[in-house]
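Readers should treat all values here as calculations from the given coordinates under stated rules, not as data from a laboratory. Computed from a predicted structure; not experimentally measured. Cβ sites come from the backbone with ideal geometry, for glycine too, and all protein chains shown count toward neighbours.
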């Protein structure tokens, strides 16, 4: 058996199980935290509370859950291969979808509900089945990542070739994105995913060395630890910038679906090349793993495809009969606009049945013109017989 790998299969299975459970637990916590924070924003807006969101206990509760969830995800890379941890991001989307179905505000008949959310149920089933398959048939190789092993991986010719191709691809995409103004979603997400592959590689290295250091085998005195740490932080920061830019241009549900598929695929390839995660697997296990991953991809696509699109801003003016003050209302996203900084797909983004919130009339607003196709918003005395 190759140096650095555990000698007993039992230890490897145990480590994989620990890493998988940590990743599932972390993704569930992250999903719950996003919905809690979303609820905090919605509650403030609905109650017309002037407090900032960070002054509420609910928001801080969600923030603590986020830290715990991301910490569990970080530690999970030290125990299980990247190919097992990366696809488990679907658990976060699945949890948000289930929370959305539980806390839906709208009331509908069972037939209408099944017709509207049938694809979502099918996506949940595919995601659960795919998760079971790729966990069961995923790579079982486990390597104690000390500083010497990491350096050996880096200087290997497959890794050097992979990094060279990744740098060339990234530079070409960045050229089209910056110089040619090619703001296509796939280009932006490919840039983020290429950086994400660096993130998962460095996170696994940093997490593995920290766990070994906690076990008494000190790794923090090796320069490679700090090189990996700097690369990890830099890749996370720039990846977040690209994702933020994508959120400004495209629908968050579409971004979540495409980004999950692209980033997971590239992360699996990076783990297979950098850490040789599939070297000891047979063809059957690899095929079943790919089948489970593909089922998760399809499931996530169906879950996010079913989400409601945000309505455009459609203002109309009414007269306050008590004060005689004209008020501008918004028929679109009223209580809480879709927060593009996070991917939350629950009912907390659903504003059906909420009364329009009034905006001050003295704010600078574009001129509002009557729409000839909508007679219901005109005063009655202006209608023609």
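A simple spin-label model places the labels of residue 265 and residue 284 2.8 nm from each other, with each point 7 Å out along Cα-to-Cβ.
Rounded to the nearest 0.05, what FRET efficiency do residue 51 and residue 98 give with R0 = 45 Å and r taken as the Cβ-Cβ distance? Could you check?
Efficiency for this residue pair is about 0.90.
Residues 59, 157, arranged from fewest to most other Cβ atoms within 10 angstrom of their Cβ, appear as 157, 59. Label-to-label distance, residue 167 versus residue 305, with points set 7 angstrom from Cα along the beta-carbon direction: 4.0 nm. For the pair residue 245 and residue 181 in one chain, pulling the backbone fully straight at 0.36 nm per residue adds 21.8 nm over the alpha carbon distance. Counting other Cβ atoms within 10 Å as a rough exposure proxy, the listed residues 13, 260 run 13, 260 from fewest neighbours to most. Taking other C-beta atoms within 10 angstrom as a stand-in for reagent exposure, 232, 288, 209 fall in the order 288, 232, 209, fewest first.
Expressed in units of 2.2 N^0.38 Å, where N is the residue count, the Cα radius of gyration of region 144-249 is 1.24.
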